[in-house]
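Asker: Below you will find the structure I want to go over with you.
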Amino acid sequence: MTLRRPLVAVLPLLALLVLAACGGGGNSGSGSGSTSPSASATASPSGQVVKVHISLKRGAPAEPVALEAGDTLEVTLESDASTGFRWIVSEAPDATVLRLSGQQVLAPPPVPGTPTEQTLRFDAVAAGSTDVKFAYARVAANAKPEQVATLKVKVS
């Protein structure tokens, strides 16, 4: 599918992607530090789906993800479900701005250690700014998260 937008509307996304590509490094999955400011995001016109990928190595983008009211934010989180770890929303966004509308957790792969992905969908409700905080931890235990990520979102 080809999305066409005026060049001016695409420039902030290009800047975000360049910054994300330069971020590099980050947590390797051990310890309890925050993720580094690097990930990928795809923008679209109002009423469309904006995709963000958060990996265990690169983390979440440092710059806010720009949405318009009516857009859907699709966050894909890299995980390793075979080890009992998965991402959870540790601090929900302001529901007047962004609302969780669905989630898909893929079954663990047959080979332990094989990466899997979780996908969470959020609806942009109204103008405002909010954060979504994620924690990567074992679900069965009340253990301290191994990794955390904060995704900043601005809805216009």
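Asker: Looking at segment 103-140 only, could you name the residues that are small (Gly, Ala, Ser), more than 19 Å from Ala81 (Cα to Cα) and without any contact (Cβ under 8 Å) to a residue 60 or more places away in the chain?
Answerer: Residues of segment 103-140 that are small (Gly, Ala, Ser), as a first pass: 107, 113, 124, 126-129, 135, 137, 140.
Filter once more, so that each one left must be more than 19 Å from Ala81 (Cα to Cα): 124, 126-129.
The answer is Ala124, Ala126, Ala127, Gly128.
Asker: Counting just the residues of segment 67-85 that are of a type outside the set (Val, Ile, Thr) and not in a strand (DSSP E or B), which one comes out surrounded by the most Cβ atoms within 10 Å (Cβ to Cβ)? Before the answer, list the steps.
Answerer: From segment 67-85, those of a type outside the set (Val, Ile, Thr) are 67-71, 73-74, 77-82, 84-85; that's our starting set.
Those left that are additionally not in a strand (DSSP E or B): 68-71, 80-82, 84.
Numbers: Glu68: 16, Ala69: 15, Gly70: 13, Asp71: 23, Asp80: 18, Ala81: 20, Ser82: 16, Gly84: 13.
Filtering segment 67-85 for residues that are of a type outside the set (Val, Ile, Thr) and not in a strand (DSSP E or B), the one surrounded by the most Cβ atoms within 10 Å (Cβ to Cβ) comes out as Asp71.
Asker: Which condition from (1) touching a Ser or Thr at 6+ places or on another chain (Cβ under 9 Å); (2) in a strand (DSSP E or B); (3) surrounded by fewer than 18 Cβ atoms within 10 Å (Cβ to Cβ) is the one that Ile88 breaks?
Answerer: Of the numbered conditions (1) touching a Ser or Thr at 6+ places or on another chain (Cβ under 9 Å); (2) in a strand (DSSP E or B); (3) surrounded by fewer than 18 Cβ atoms within 10 Å (Cβ to Cβ), the odd one out for Ile88 is (1).
Asker: A follow-up question, please. Taking the criterion of being at pLDDT 85 or above and among the basic types (Lys, Arg), would at least one residue in segment 38-54 satisfy it? Write out each step before concluding.
Answerer: Looking only at segment 38-54, we keep the residues that are at pLDDT 85 or above, and these are 48-53.
After this cut, where a residue has to be among the basic types (Lys, Arg) as well, the list is 51.
Yes, because at least one residue in segment 38-54 is at pLDDT 85 or above and among the basic types (Lys, Arg).
Asker: Here is a follow-up. Hey, among Glu117, Glu68, which residue is among the acidic types (Asp, Glu) and touching a Gly at 6+ places or on another chain (Cβ under 8 Å)? Walk me through it before giving the result.
Answerer: Details: Glu117 fails: touching a Gly at 6+ places or on another chain (Cβ under 8 Å).
One residue alone meets the criteria, Glu68.
Asker: Could you grab the pairs with beta carbons closer than 6 Å, sequence gap of 6+ or different chains, first residue in segment 51-65 and in a strand (DSSP E or B), second one among the charged types (D, E, K, R)?
Answerer: Lys51/Glu74; Ser55/Glu78
Asker: Counting only residues that are surrounded by fewer than 16 Cβ atoms within 10 Å (Cβ to Cβ), over 14 Å from the mean Cα position of the chain (by Cα) and at pLDDT below 90, how many does segment 91-142 have?
Answerer: 14
The values are calculated or read from the model by the stated rules, or taken from the named source; none is laboratory data. Because the structure is predicted, anything quoted here is derived from the model rather than measured. Here the Cβ is made from the backbone with ideal geometry for all residues, glycine too, and neighbour counts use every protein chain on show.
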